[in-house]
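Worksheet: one structure, shown below.
The values are calculated or read from the model by the stated rules, or taken from the named source; none is laboratory data. Given the structure is predicted, the values throughout are model-derived calculations rather than measurements. Cβ: placed from backbone, ideal geometry, glycine included. Neighbour counts: every protein chain shown.
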Amino acid sequence: MKLVDALLAHQPRLVALRHDLHAHPELAFEERRTADLVARTLEAAGIKVHRGLAKTGVVGVLKHGSSPRAIGLRADMDALPIHEQNLFPHRSKHEGRMHACGHDGHTAMLLGAAEYLAASRDFDGTVYFIFQPAEETVGGARVMIEEGLFERFPIDAVYGMHNWPGLPVGQFAVHAGPVMACSDQFDIVLRGHGAHAAFPHQGRDPTVAGAALVQALQSIVSRTLDPLDAAVLSITRFHADGGAYNVIPERAELCGTVRAFRPEVQDQVEAAMERICAGIGAAHGVQVNLAYQRGYPPSVNDAVEAARCRAVLEELVGAENVRTDLRPSMGAEDFAYMLRERPGCYVWIGNGPGEGGCMLHNPHYDFNDEVLPLGASYWVRLTERLLGRESAVVDGELPETG
Ligand code: NI
């Protein structure tokens, strides 16, 4: 591996930084202490800092030379509402809040890279270090964009990175095309007529209609979509309560999530759900209302940018450690909003075995400190390559995945 020596030497400092962040997790749009720490660290390195985008977002601007080229490197800062079960010294000091997705590590790696680049300045152009709030569920990236991220900062291309438990330390994964799915959600309310459970003919049972709906909705993926389009429709709640053994309830509620990699598939699923809800409602004589909400869009890497990232990673860790054969994930990621605005690429960095609960969003998860100099080195080499003094162009494209 050809890591940046200075970052390897700085590993204890990066670890201390990461542990400090881990011990002080903050939830969406409340990352005040984290944002203070990020801003202070950037400013101490001589990087110009802009604050307040999406409340707690921080953008560091490092310009060197005369080239108009500009790239954005993004890290997420927020934690999750999980009660940490780890017992190590850097465990969360806040009940019910935890860095269970490694955003502490992402923040530390980008800070390490920013400090290094501010000192070395071996590039020509502008690097924007984007520290975003609220990646988990509420779309801090979207809010930063709505508040003018790309108007205020003329970024040509954006890059993201997420740790990946189960992928060995020292390996990365790059996808040309879709890498993470959309995360749509829906609520369905069935309104029938309550009745005595012994006289069902006097009522309209929303429970039986709901059960039929659960079954019928599963036919969308298998019967409506092209078999080569991946999608998931999961019902995650079914609530119907007559209040007693002998009461048919008035209403039932379902909710769930839809995952897919293409907007056309989202449209197809939504239309099919409307159709099935209306049909099941008519068949059972109950009123069925569907509220379908678009969540994070699919994260789709640009093939050219993916090839560039791949080339940088191959130099960093060797071609055998850059996986291009991994399937995309049905998880979702709000970096998708940035990828909709600008070409870019989101890579996975191996976090080591996903054992002993060290999986994303698990109360036993912890970011792997061995990875810190590796990820920071990637950001540095990517910047040096993309904003290189000679040429930023890397030839070749990856085949499409997904
Ligand atoms: Ni995450």
Task: Enumeration of residues in the stretch 19-42 that are part of a helix (DSSP H, G or I) and of a type in the set (D, E, K, R) - done: ASP20, ARG32, ARG33, ASP36, ARG40
Task: Any helices (runs of 4 or more DSSP H) falling wholly within the stretch 118-237 and containing at least 2 residues that are surrounded by 24 or more Cβ atoms within 10 Å (Cβ to Cβ) - done: 140-146, 206-219
Task: Counted residues, the stretch 291-302 - those being among the aliphatic types (A, V, I, L, M) and buried (at least 19 other Cβ atoms within 10 Å of the Cβ) - done: 1
Task: Every residue from the stretch 68-116 that is more than 16 Å from the ligand (Cβ to nearest atom), assigned to a helix (DSSP H, G or I) and acidic (Asp, Glu) - done: GLU115
Task: Long-range neighbours under 6 Å by Cβ, at least six apart or interchain, first residue in the same structural domain as GLU355 (by TED's automatic domain parsing) within the stretch 86-104, second away from the ligand (no atom under 16 Å from the Cβ) and of a type in the set (A, V, I, L, M) - done: HIS90/ALA23; LYS93/ALA23
Open item on the list: Can you tell me which of (1) within 23 Å of LEU339 (Cβ to Cβ); (2) touching a His at 6+ places or on another chain (Cβ under 7 Å) is the one LEU53 doesn't meet?
Closed with: (2)
TODO: Quick one: ARG381 ticks every box in (1) buried (at least 24 other Cβ atoms within 10 Å of the Cβ); (2) closer than 23 Å to SER120 by Cβ except a single one, so which number is it?
DONE: (1)
TODO: Determine if the stretch 215-238 includes at least one residue that is over 30 Å from PRO178 (Cα atoms) and in contact with a strand residue (DSSP E or B) (Cβ under 7 Å, 6 or more places away or on another chain).
DONE: yes
